[in-house]
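Bear in mind these aren't lab numbers, they're just calculated from the coordinates by the rules spelled out. Keep in mind that this is a model prediction, so the values were computed, not measured. Here the Cβ positions follow ideal geometry from the backbone for every residue, glycine too, while neighbour counts run over all protein chains shown.
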Amino acid sequence: MQVPKKHLPFVGLLGLIVIVAAGGGIYYYQFVIPHITVTYTPVHRLVIMTAIIFEESGFHVNDTAYLNQSSLPPFDSTNGANLTRVEYQNYPGNSDNRTVEARVGDKITFYIKGLPTKDPMLQDSTGHGFEISGPAPVTVNAGGPEPCSTSPPPCIPFNTWYTVTVTFNASGSYRYFCTLFCSPQHGLMDGNIVVT
Ligand SMILES: [Cu+2]
């Protein structure tokens with residue numbers, strides 16, 4: 001003869017909690033999320049950085065700013081961007097001085113100065129290259145080319161500035177990196193761009 005199984009009252013209670021949670025979840029997705037209208041006006045960011053071989057620190061972001069005007073700052077490859085009389089506002093960049101943050105729709109103008117290595121024994125090129133890879137292609141708006149220099153001559157020769165302006169069309173984790181074999185640890189010369 002079989003004894004009818006009994007369960008403890010808390011099992012029923014647990015079931016109730018699951019039902020309420022599921023129902024709440026459905027309500028949340030069906031009603032709560034569409035009620036929130038996300039309005040984000042894309043911004044134009046300026047990211048000013050240096051590029052030296054990885055052994056001597058690799059890419060290093062020195063300044064980050066919002067460009068508050070529609071035209072780009074004057075630029076030449078000897079002096080870089082001229083921000084005199086340009087409307088911009090600095091903002092703190094990522095504390096690792098390598099990761100760049102942005103939001104979908106933002107433009108980023110990169111200004112990158114190629115620096116020669118301090119130890120000539122480590123130097124395998126006459127400059128650096130630049131490329132961005134990620135979950136979606138970026139739109140190149142100005143400057144470049146991007147990607148550049150998969151073989152010599154470098155697009156960022158030592159002691160000169162390179163610039164490119166790109167738009168990020170999709171969120172995700174991007175990577176920027178040097179495309180020229182510049183030192184034994186060239187493969188590590190990169191940084192992240194986090195687009196949310
Ligand atoms: Cu390199």
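Search the range 122-136 for residues that are within 20 Å of V104 (Cβ to Cβ) and pair each with any residue that is within 11 Å of the ligand (Cβ to nearest atom) and not in a loop (DSSP other than H, G, I, E, B) when their beta-carbon atoms are under 9 Å apart and the residues are at least 6 apart or on different chains.
Qualifying pairs under 9 Å: I132/F177; S133/F177.
Residues that are of a type in the set (S, T, N, Q): which strands (runs of 3 or more DSSP E) entirely in the range 42-149 hold 1 or more of them? Give the steps one after another, and end with the answer.
Details: elements: 44-51, 59-67, 88-90, 100-102, 107-114, 131-133, 139-143.
Once the strands (runs of 3 or more DSSP E) in the range 42-149 are filtered for at least 1 residues that are of a type in the set (S, T, N, Q), what remains is 44-51, 59-67, 88-90, 107-114, 131-133, 139-143.
What number of residues within the range 178-196 are crowded, with 18+ Cβ neighbours inside 10 Å and more than 30 Å from T41 (Cβ to Cβ)?
From the range 178-196, those crowded, with 18+ Cβ neighbours inside 10 Å are 178-180, 182-183, 186, 189, 191, 193, 195; that's our starting set.
Right, trim to more than 30 Å from T41 (Cβ to Cβ) and you get 178-180, 182-183, 186, 189.
Matching residues across the range 178-196 total 7.
Is there any pair with a first residue in the range 83-96 that is without any contact (Cβ under 8 Å) to a residue 24 or more places away in the chain and among the β-branched types (V, I, T) and a second that is surrounded by 14 or more Cβ atoms within 10 Å (Cβ to Cβ) and in a loop (DSSP other than H, G, I, E, B) whose Cβ atoms are under 9 Å apart and which are 6 or more apart or on different chains, and what are they?
T84/P73; V86/L72; V86/P73
Testing L72 on (1) buried (at least 16 other Cβ atoms within 10 Å of the Cβ); (2) under 17 Å from V100 (Cβ atoms), one condition comes back false. Which one is that?
(2)
Here are some residues: A81, A102. Which one is over 18 Å from V195 (Cβ atoms) and surrounded by 15 or more Cβ atoms within 10 Å (Cβ to Cβ)? Show your work before the answer.
Numbers: A102 fails: over 18 Å from V195 (Cβ atoms).
The unique qualifying residue is A81.
Within the range 156-196, track down each residue that is within 14 Å of the ligand (Cβ to nearest atom), in contact with an Asp or Glu (Cβ under 9 Å, 6 or more places away or on another chain) and among the aromatic types (F, W, Y).
Once the filter is applied, which keeps residues that are within 14 Å of the ligand (Cβ to nearest atom), in contact with an Asp or Glu (Cβ under 9 Å, 6 or more places away or on another chain) and among the aromatic types (F, W, Y), the range 156-196 yields Y176, F177, F181.
For the range 38-58, name all the residues that are of a type in the set (A, V, I, L, M) and in contact (Cβ under 8 Å) with a residue 60 or more places away in the chain. Steps first, answer last, please.
Looking only at the range 38-58, we keep the residues that are of a type in the set (A, V, I, L, M), and these are 38, 43, 46-49, 51-53.
Hits for the range 38-58 are V43, L46, V47, I48, M49, A51, I52, I53.
Just a yes or no: is a residue in the range 167-189 more than 14 Å from the chain's Cα centre (by Cα) and assigned to a strand (DSSP E or B)?
Within the range 167-189, not a single residue is more than 14 Å from the chain's Cα centre (by Cα) and assigned to a strand (DSSP E or B).
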